[in-house]
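The values are calculated or read from the model by the stated rules, or taken from the named source; none is laboratory data. All values reported here derive from a predicted model rather than from experimental measurement. Cβ placement follows ideal geometry from the backbone for every residue including glycine, while neighbour counts extend to all protein chains displayed.
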Amino acid sequence: MTKTIREKESKEFSSNNTNFQLSKKIVVGLSGGVDSSLAAAILLENGWEVEGLTLWLMKGKGACCSEGLVDAAGLCEDLGINHHIIDSRNLFSSKVIEKTTEGYESGITPLPCSMCNKNVKFEEMLNWAKNHGEYTRIATGHYARVKNKNNIDLEKFKNFKYKEIILLRGKDTNKDQSYFLYSLSSDVLSRLILPLGDLKKEETREKANKLGLRTAQKPESQDLCLVEHYGSMNNFINSHIPSKEGEIKHINGQTLGLHDGIQHFTIGQRKGLGIAWPEPLYVKKLDPQNNIVFVASMNDLMGTQAIIKEINWVSIEEPTKAIEVEAQIRYRSKPVQALLSPIQSNEDKKCFKLIFKDSQSSITPGQAAVLYKGEVLLGGGLIC
């Protein structure tokens, strides 16, 4: 790795990451892919004392499994840094696999990546860092940004009471992964550095090639490690939930066919229904108690509001009155304008009502509604 690259990277990251000056010892989460590899290399080039850390989540194929461990270990050997492995298989099984399975069985479409980030990945990394001397900073290869509020122009968003640390979208809008980080705690965010936040994916490949990283040309991994490990979510579901025959009904009450389990369906799904109708039909609702899949036309799929629970306020303090937000209700969907208002749920836990400016399709229970204002991620919660 050349001196020219080192000087260039140092200049870029000292201006873009306020946390860089607070400590020179850091733990980098390594999956064995190009993104986390470059994150480690950049930190090392900037004078950080880097320790590589890989979580062993599952046996077998995939970035979170045995295959990823080998590539991460090889990278650390190339960089001349220590590599540590945490056996997190039991924790991942209880916090992600079991919870994901329970979600599908209950008729929702869960978000295992957010479960893993909140309950496994970042907490395991932070705990390891705290337990090993001065390694109290952590880093990953996510495409998002973490900044101190004093280093961001928040003048146009004066109505919010901001926290000290702000989470923002990654500069690469096609690769931005902030959606999956909405559940991170303030403790994690205050110690987190994201070296790739200002890069585009093609720039990551280019820099990795220049630095001679063994993972520079490694194929892009799946965003969802369960898909990568099992081959598809359908394979995962079949491995954990037995089939159970039930009816597919039109919302008018007419039975149109049979299915082999509500776990195979999600709101808005069109393909794979196996039914005939004069117009395209989509999954409208799942009834787990009666094992029924309800379908409807696209017009009947549209909705104007959703109830959001378990909101984690990432960059702002919890609002006490209605606020205007840009809501993203699926990872690949575009943010839409909405009004968020606090309400009181039957369980005496605060929920919020999200009212969309324009009707939305496929408002899916179990998915995250992540709330933004421009590039700033305000918070996020689960759709009821």
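Quick notes
- Note on the range 286-295: residues that are in contact with a strand residue (DSSP E or B) (Cβ under 9 Å, 6 or more places away or on another chain) and surrounded by fewer than 16 Cβ atoms within 10 Å (Cβ to Cβ) total 3.
- Candidates are the residues of the range 99-142 that are more than 30 Å from residue 293 (Cα to Cα) and of a type in the set (A, V, I, L, M); the one that is surrounded by the most Cβ atoms within 10 Å (Cβ to Cβ) is 139.
- Condition met for residue 244 (surrounded by fewer than 16 Cβ atoms within 10 Å (Cβ to Cβ), basic (Lys, Arg) and touching a residue at least 40 places away in the same chain (Cβ under 8 Å)): yes
- As for the range 79-94, it holds at least one residue that is in contact with a Cys (Cβ under 9 Å, 6 or more places away or on another chain), on the phi < 0 side of the Ramachandran plot, surrounded by 20 or more Cβ atoms within 10 Å (Cβ to Cβ) and in a helix (DSSP H, G or I).
- Beta carbons closer than 6 Å, at least 6 apart along the sequence or on distinct chains, pair a first residue in the range 283-295 that is on the phi > 0 side of the Ramachandran plot with a second that is part of a strand (DSSP E or B) and not aromatic (Phe, Trp, Tyr) for 291/246.
- Qualifying residue in the range 253-273 (condition: surrounded by fewer than 16 Cβ atoms within 10 Å (Cβ to Cβ), among the hydrophobic types (A, V, I, L, M, F, W, C) and outside the structural domain of residue 374 (by TED's automatic domain parsing)): yes
- Residues of the range 25-41 that are in a strand (DSSP E or B) and at pLDDT 95 or above: 26, 27, 28, 29.
- Some residue of the range 76-94 being under 30 Å from residue 246 (Cα atoms) and touching a residue at least 12 places away in the same chain (Cβ under 8 Å): no
- Residue within the range 364-372 that is farther than 27 Å from residue 171 by Cα and either more than 24 Å from the chain's Cα centre (by Cα) or modelled with pLDDT under 95 (or both) present: no
- Residue list for the range 202-215, restricted to those being of a type outside the set (A, V, I, L, M), assigned to a helix (DSSP H, G or I) and either closer than 21 Å to residue 147 by Cβ or in contact with a helix residue (DSSP H, G or I) (Cβ under 7 Å, 6 or more places away or on another chain) (or both): 203, 204, 205, 207, 210
- Within the range 252-310, tally of residues that are of a type in the set (Gly, Ala, Ser) and closer than 30 Å to residue 353 by Cα: 6
- Those residues of the range 219-263 which are among the hydroxyl-bearing types (Ser, Thr, Tyr) and not in a loop (DSSP other than H, G, I, E, B), in sequence order: 230, 239, 255
- Within the range 185-195, at least one residue is in a loop (DSSP other than H, G, I, E, B), surrounded by fewer than 21 Cβ atoms within 10 Å (Cβ to Cβ) and under 18 Å from the mean Cα position of the chain (by Cα).
- Boolean, residue 134 is out of contact with any helix residue (DSSP H, G or I) (no Cβ under 8 Å at 6 or more places or on another chain), of a type in the set (D, E, K, R) and either without any contact (Cβ under 8 Å) to a residue 60 or more places away in the chain or within 20 Å of residue 187 (Cβ to Cβ) (or both): yes
- Residue 166 being β-branched (Val, Ile, Thr), surrounded by 22 or more Cβ atoms within 10 Å (Cβ to Cβ) and closer than 23 Å to residue 32 by Cβ: no
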